[in-house]
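The block underneath contains the structure these notes are about, expressed in structure tokens.
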Amino acid sequence: MNQRRRLTGIVTSNRMMKTVVVEIARTYKHPLYHKVVHARQTIKAHDELGCAIGDKVMVVECAPMSKEKTWMVQSILKREGKTLDVAEEAVE
């Protein structure tokens with residue numbers, strides 16, 4: 001394996017072509033106040049695998065593909081999302 005950073009997160013949006021928005025959540029203890037802090041970060045990642053909203057994915061650093069895309073979906077760890085067609089049928 002190479003030395004690129006890998007993060008795990010949940011897909012929150014897949015409306016763009018070949019791009020998904022992934023929310024990375026991390027928990028750490030504040031160094032001075034020793035309080036547990038919950039931090040969230042959203043990143044845009046290149047998606048060739050066809051992720052759906054709610055999927056748990058692993059993203060990996062890559063060379064910049066655009067102004068905001070410097071991450072790529074490496075694998076889908078857990079499929080949770082529903083396809084857009086199923087969601088539309090439920091509304092009707």
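The values are calculated or read from the model by the stated rules, or taken from the named source; none is laboratory data. A quick note: this is a predicted structure, and the numbers were derived from the prediction, not measured. Methodologically, a virtual Cβ is constructed for each residue, glycine included, from the backbone with ideal geometry; neighbour enumeration extends over all protein chains shown.
Miscellaneous remarks
- Flag if Lys82 is charged (D, E, K, R) and either at pLDDT below 95 or exposed (fewer than 10 other Cβ atoms within 10 Å of the Cβ) (or both): yes
- Hits in region 60-75 (condition: surrounded by 15 or more Cβ atoms within 10 Å (Cβ to Cβ) and closer than 17 Å to Met16 by Cα): Met65, Lys69, Thr70, Trp71, Met72, Val73
- Scanning region 51-62 for residues that are farther than 11 Å from Arg79 by Cα and not in a strand (DSSP E or B) turns up just one, Cys62.
- Each residue in region 1-27 was checked for being in contact with a strand residue (DSSP E or B) (Cβ under 7 Å, 6 or more places away or on another chain) and either hydroxyl-bearing (Ser, Thr, Tyr) or in a strand (DSSP E or B) (or both), and 18 pass.
- Of all residues in region 30-59, those being of a type in the set (Asp, Glu) and surrounded by 13 or more Cβ atoms within 10 Å (Cβ to Cβ) number 2.
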